[in-house]
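Working notes for the structure below.
The values are calculated or read from the model by the stated rules, or taken from the named source; none is laboratory data. Model, not experiment: these values are computed from the prediction. Here Cβ is always computed from backbone atoms with ideal geometry, including for glycine, and neighbour counts include all displayed protein chains. All accessible areas refer to the heavy atoms of the entire protein, side chains included, with ligands and DNA or RNA removed. Shrake-Rupley method; radii C 1.70, N 1.55, O 1.52, S 1.80 Å.
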Amino acid sequence: MKRAGAAGLMTGAVAEEDIDIVRAEIVRNALLSAAQEMNDTLVRSAYNPLIFDVKDFGVGIMSAAGELWADAPGLPIFTGVLPATVRSALRKFGPTGLVDGDVLITNSPYLNGTHLSDTAVYMPTFYNRELVAFVGSMAHWGDIGGMSPGGWTVNSTEIVQEGISFTHQRLFVGGLSNRDILEQVAANVRIPGIVVGDLYAQIATCRTGAERVVALCERYGAAEVAKVMQYIIQRTERSLRHEVAALPDGRYHSSVRMDFNGVDPEEIPVVAVTTTIEGDRIRVSFEGTSRVSAGPINCGAEATISAVAEGLKGILDPVGPANEAHIALAEIEWGDEPTLLNAVAPAPCDSYGYVLTALLEVMQLALIDAVPERTRAGSYQMWAEYIMATSTKTAKPYVFCEPVQGGHGAFPGHDGGCMIFLLDGNVSNEPVEVLEMRYPVLCEQFAFNPESAGAGEFRGGFGVKRDLRVMAEHSMIKTALENTVDALSRGAKGGHAGSASYARLVFPDGRTELQHQRISDTAVPVGFVLEIRTGGGGGFGFPFDRDPQRVAEDVRDEFLTPEQAASLYGVRVVPGRIKGTWAADSRHTESMRAAMRAE
């Protein structure tokens with residue numbers, strides 16, 4: 001089965017002479033501003049720090065046919081998934097099956113590709129009784145019911161265990177509240193005040209976007225707005241194909257082995273990607289990827305398509321505003337059987353993020369020989385931890401969840417970024433002050449993890465150390481980590497690999513345990529400490545080609561010891577004239593590096 005690429009976007013192409021270029025830029029930027037205002041609305045009205053601080057969400061404005069017109073900085077995966085959600089709604093209801101004032105909800109991974117916790121709320125937008133656009137947001141809810149509080153079930157074996165599923169139900173019908181669905185949400189989650197508050201925040205976000213789209217149609221007319229955005233998408237596609245044509249033709253392949261599928265330690269799934277470039281066309285296939293798993297590491301097809309678009313955009317057009325051309329650029333080739341990357345019902349999908357992160361990484365690593373100046377070394381695999389108490393013994397139920405940042409891969413001319421969350425782009429750490437104010441958890445350490453970074457001419461980014469002490473009775477922990485054996489943070493062009501993530505469990509009696517695999521809903525006592533150590537990014541280029549002065553600065557900043565400067569980089573550092581500074585000893589450095597090169 002093959003999904004057509006962006007060639008289909010050229011049907012009914014808009015001629016450039018029919019476009020007022022100035023007006024086109026005004027309309028494009030007005031929609032981008034509207035998306036940013038939607039973003040701001042959600043941040044300011046959400047109840048859950050996972051949304052208003054961490055920003056685990058995305059917003060989008062789509063055409064009446066479900067093509068992406070504009071988004072705001074958020075989760076790149078959600079940018080591609082929201083249009084797919086709208087298109088699946090159009091397949092269900094048809095172009096006349098929705099009315100002004102409808103607001104709908106969807107979270108099924110077989111419709112939008114991610115997992116049940118990522119809930120899309122969207123609404124059709126009408127002008128002069130005509131459907132002109134869709135607006136929507138996708139956000140990670142604090143709980144979605146199911147067998148494990150907070151979602152991200154690590155050992156489910158079918159989708160029904162993972163929570164409540166929505167398949168385009170109406171929250172509002174023609175502007176009137178559908179109390180039955182809203183009550184159903186509250187009755188099926190463990191922290192209804194927060195979840196329902198976030199749901200209403202998403203509804204407010206939709207209304208903000210719809211108002212701005214209508215205002216734009218009042219100014220220029222709905223037909224003109226649609227024509228202009230079709231032209232913008234065409235122009236973006238031409239630019240992208242020009243960039244593809246500049247890449248060397250070839251077939252580029254990479255793969256990675258996962259640790260296990262979550263339920264069977266003997267099953268070692270594989271994620272494999274082959275990218276083929278021929279002229280201005282680009283095809284992506286997943287031959288060699290394992291079939292659908294019995295554990296919850298499966299991913300829906302639409303999220304896979306979005307991840308491919310994200311990976312290619314980072315290479316071809318890293319700073320341009322996203323639109324439908326980016327999503328539809330690649331021709332996706334699926335095999336005859338469903339795999340980890342295009343799961344079908346009833347496959348569990350709650351831990352889908354591992355394979356999606358692996359997909360993005362192996363795409364980068366496969367293309368590094370083709371375009372080293374545009375790609376990078378490998379980055380860490382995603383990590384998230386949960387601390388929660390939801391039993392009947394709990395006086396005040398809570399679910400604390402956060403993605404924990406790690407190190408990004410280095411690239412030509414630059415060290416890797418520190419404290420990034422790769423798959424989810426702009427996701428931030430939860431501030432310690434907010435964490436401790438809202439949850440019975442103390443953060444006893446939050447610092448860089450310098451030893452996690454891969455050495456190189458440009459070194460990988462640092463992971464973090466984050467130590468969390470549990471302060472409430474009847475609490476449990478859950479962790480999400482992967483690729484601790486075959487790490488994603490591979491070095492490039494002679495650079496060293498970054499380290500994998502792990503956890504250390506520290507009990508009040510002094511007992512400790514190292515944990516290299518994910519933990520499922522484990523009861524812990526008051527005073528227990530979860531010590532998180534996230535992995536770093538891979539290095540780019542040979543370490544002994546690194547500027548000796550940069551090595552000396554890393555020693556000054558306590559990212560390296562003098563001994564590590566010598567053993568990893570062949571640089572002898574000596575104390576500088578000013579206390580606390582270090583300088584490279586040029587003569588000894590040259591002789592040490594000459595010996596390293598000879599080896």
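So the values come out like this:
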quantity	calculated
Residue match in the stretch 202-219 (condition: of a type in the set (Gly, Ala, Ser), within 21 Å of Ile327 (Cβ to Cβ), surrounded by 22 or more Cβ atoms within 10 Å (Cβ to Cβ) and in contact with a strand residue (DSSP E or B) (Cβ under 7 Å, 6 or more places away or on another chain))	yes
Selection within the stretch 551-587 - in a helix (DSSP H, G or I) and in contact with a helix residue (DSSP H, G or I) (Cβ under 9 Å, 6 or more places away or on another chain)	Val551, Ala552, Asp554, Val555, Pro562, Gln564, Ala565, Ala566, Leu568, Tyr569, Ser586
The stretch 321-339: number of residues that are in a helix (DSSP H, G or I) and without any contact (Cβ under 8 Å) to a residue 60 or more places away in the chain	0
Total residues in the stretch 368-380, condition open to solvent by less than 10 Å² (accessible area, probe 1.4 Å) and under 20 Å from the mean Cα position of the chain (by Cα)	5
Count of the stretch 255-272 residues which are touching a residue at least 60 places away in the same chain (Cβ under 8 Å) and either surrounded by fewer than 20 Cβ atoms within 10 Å (Cβ to Cβ) or farther than 16 Å from Tyr354 by Cα (or both)	4
Residues of the stretch 450-489 satisfying the condition of being over 23 Å from Leu359 (Cβ atoms), surrounded by 22 or more Cβ atoms within 10 Å (Cβ to Cβ) and of a type in the set (D, E, K, R)	Glu457, Arg459, Arg466, Lys478
Hey, Ala492 open to solvent by 10 Å² or more (accessible area, probe 1.4 Å) and either under 30 Å from Thr375 (Cβ atoms) or charged (D, E, K, R) (or both) or not	no
Count of residues meeting criterion [modelled with pLDDT under 90, surrounded by fewer than 24 Cβ atoms within 10 Å (Cβ to Cβ) and in contact with a Pro (Cβ under 9 Å, 6 or more places away or on another chain)] in the stretch 403-422	0
Residue count, the stretch 502-521 (criterion: surrounded by 13 or more Cβ atoms within 10 Å (Cβ to Cβ) and at pLDDT 95 or above)	7
Members of the stretch 428-449 that are in contact with a strand residue (DSSP E or B) (Cβ under 7 Å, 6 or more places away or on another chain), assigned to a helix (DSSP H, G or I) and open to solvent by 60 Å² or more (accessible area, probe 1.4 Å)	Glu436
Filtered residues of the stretch 117-137 (kept if hydrophobic (A, V, I, L, M, F, W, C), farther than 14 Å from Leu31 by Cα and buried (at least 23 other Cβ atoms within 10 Å of the Cβ))	Ala120, Val121, Met123
Of all residues making up the stretch 73-97, the number that are buried (at least 24 other Cβ atoms within 10 Å of the Cβ) and either within 15 Å of Cys206 (Cα to Cα) or not small (Gly, Ala, Ser) (or both)	10
The stretch 98-116, residues that are of a type in the set (Val, Ile, Thr) and either assigned to a helix (DSSP H, G or I) or open to solvent by 10 Å² or more (accessible area, probe 1.4 Å) (or both)	Val99
Residue match in the stretch 542-550 (condition: farther than 26 Å from Asn449 by Cβ and open to solvent by less than 50 Å² (accessible area, probe 1.4 Å))	no
Options Thr275, Thr236, Thr289: the member that is closer than 25 Å to Ser489 by Cβ, touching a residue at least 40 places away in the same chain (Cβ under 8 Å) and open to solvent by 10 Å² or more (accessible area, probe 1.4 Å)	Thr289
